[in-house]
Amino acid sequence: VLPQALELFSQTAAEVCEGQQYDMDFENMDFVPMSDYLKMIGLKTAVLIACAAKLGAIIAEAPAQECDLLYKYGYDLGLAFQVADDWLDTYADPKVFGKAIGGDILNNKKNWLTTRAFEKASDSVREQLLAAMEMPISTDEEKAAKIAAVKDLYAQLGVEQQAKEEIVRLHNQAMEYVDRLGLTEEKQEAIRHYAET
């Protein structure tokens, strides 16, 4: 199985580099379409988990259909993970999260929340978002003000709740692939446990 495993590994490495380049390119844009954002996180994050899931199946010499279902499971789980990470960066308890929240906002990072906010915003709210992104961040007070301003706009647009719903949708979609594998209950439970931790 080594040639098949190496082919998947090499393809994934190239995709991750492509996704990282998209992420860097997005830094110079005011906003990006959701389709482009999802493509970027698909390449940068989701393919890693998909590769790991499929690689294990390849090494175990599972049938091709099972390998493909596990890849799809890992891919959707990776998307859910990235949206959750975006949400946590803005709304998590810093003591639990392990780092200060709002880093994406301070760095004008294009995450799921920002992308969705620009997608939903009227022209006037979009101008407010752009203005908030330009706020200075030299002092702790300025940083806190910028984070609060953007979070207020997120609340106005309802994107916090929509992000939570998207995480659940992607997670459930990943689990549908697991259901199609026809595994024993014990093996299904192990995969579900991984997805939920």
So for the chain, taking the charge dipole from beta-carbon charges (+1 Lys/Arg, -1 Asp/Glu), which of LEU170, ASN107, MET133 sits furthest toward the positive end?
-> LEU170
FRET efficiency for ALA62 and GLN173, using Cβ-Cβ distance with R0 set to 25 Å, rounded to 0.05 | 0.75
Using a Förster distance of 30 angstrom, determine the FRET efficiency expected from the C-beta separation of ASP140 and ALA52, and round it to 0.05.
-> 0.15
Given the protein chains as shown and a 1.4 Å probe, how many square angstrom of LYS110 are accessible, to the nearest 10?
-> 10
Which angle from 0 to 90°, rounded to the nearest 10, does the C-alpha axis of helix 140-157 make with the longest principal axis of the chain?
-> 70
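Over 22 Å between Cα atoms: which of LYS39/LYS151; LYS54/LYS110; LYS54/LYS187 fall into that group?
Numbers: LYS39/LYS151 25 Å; LYS54/LYS110 29 Å; LYS54/LYS187 15 Å.
From LYS39/LYS151; LYS54/LYS110; LYS54/LYS187, over 22 Å: LYS39/LYS151; LYS54/LYS110.
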Tell me which label goes with the value of semi-axes √(5λ) of the Cα gyration tensor in Å computed from the coordinates here: (i) 35, 18, 14; (ii) 24, 18, 16; (iii) 40, 17, 13.
-> (i)
Base-10 log of normalised Debye intensity for the stretch 32-100 (one unit scatterer per alpha-carbon) at q = 0.25 Å⁻¹ = -0.97
Using r as the Cβ-Cβ distance of GLU27 and GLU185, and R0 as 35 Å, what FRET efficiency do you calculate, to the nearest 0.05?
-> 0.15
CYS17 to ASP152: extension gain in nm, 0.36 nm per residue of separation minus the Cα-Cα distance?
-> 45.2 nm
At what distance in angstrom do the alpha carbon centres of the stretch 1-70 and the stretch 148-177 lie from each other?
-> 22
Kindly express, to the nearest 10 degrees and within the range 0 to 90, the angle between helix 185-196's C-alpha long axis and the longest C-alpha principal axis of the chain.
-> 20
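Given N residues in the stretch 98-197, what is its alpha carbon radius of gyration divided by 2.2 N^0.38 Å? Please report the intermediate quantities before stating the final value.
Working: Rg = 18.5 Å, N = 100, 2.2 N^0.38 = 12.7 Å.
Compared with the compact-globule rule of thumb, the stretch 98-197 sits at 1.46.
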Normalised by the number of residues in the stretch 37-97, what is the relative contact order in percent for Cα pairs under 8 Å and 6+ residues apart?
-> 40
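Within 12 Å, Cβ to Cβ, of LEU113, how many net charges do the neighbouring residues add up to if Lys/Arg are +1 and Asp/Glu are -1? Write out the running numbers ahead of the final one.
Values: positive: LYS109, LYS110, ARG116, LYS120, LYS151, LYS164; negative: ASP85, ASP86, ASP89, ASP104, GLU119, GLU160, GLU166.
Neighbour charge sum, excluding LEU113 itself: -1.
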The stretch 80-128, relative contact order in percent, only Cα pairs under 8 angstrom and at least six apart counted = 30
Tell me, what is the percent relative contact order of the stretch 1-115, built from C-alpha pairs under 8 Å that lie six or more residues apart?
-> 28
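Mind putting a number on the dipole of the stretch 105-160 about its Cα centre? Charges go on the C-beta only, +1 for Lys and Arg and -1 for Asp and Glu, and I need it in Debye to the nearest 20. Please report the intermediate quantities before stating the final value.
Numbers: 8 positive and 9 negative charges, 53 e Å.
Value, rounded to 20: 260 debye.
The values are calculated or read from the model by the stated rules, or taken from the named source; none is laboratory data. The structure displayed is predicted, hence computed values, not measured ones. Ideal geometry is used to build each Cβ from the backbone, glycine not excepted, and the neighbour counts take in all protein chains shown. For accessibility, only protein heavy atoms count, side chains too; no ligands or nucleic acids. Shrake-Rupley method; radii C 1.70, N 1.55, O 1.52, S 1.80 Å.
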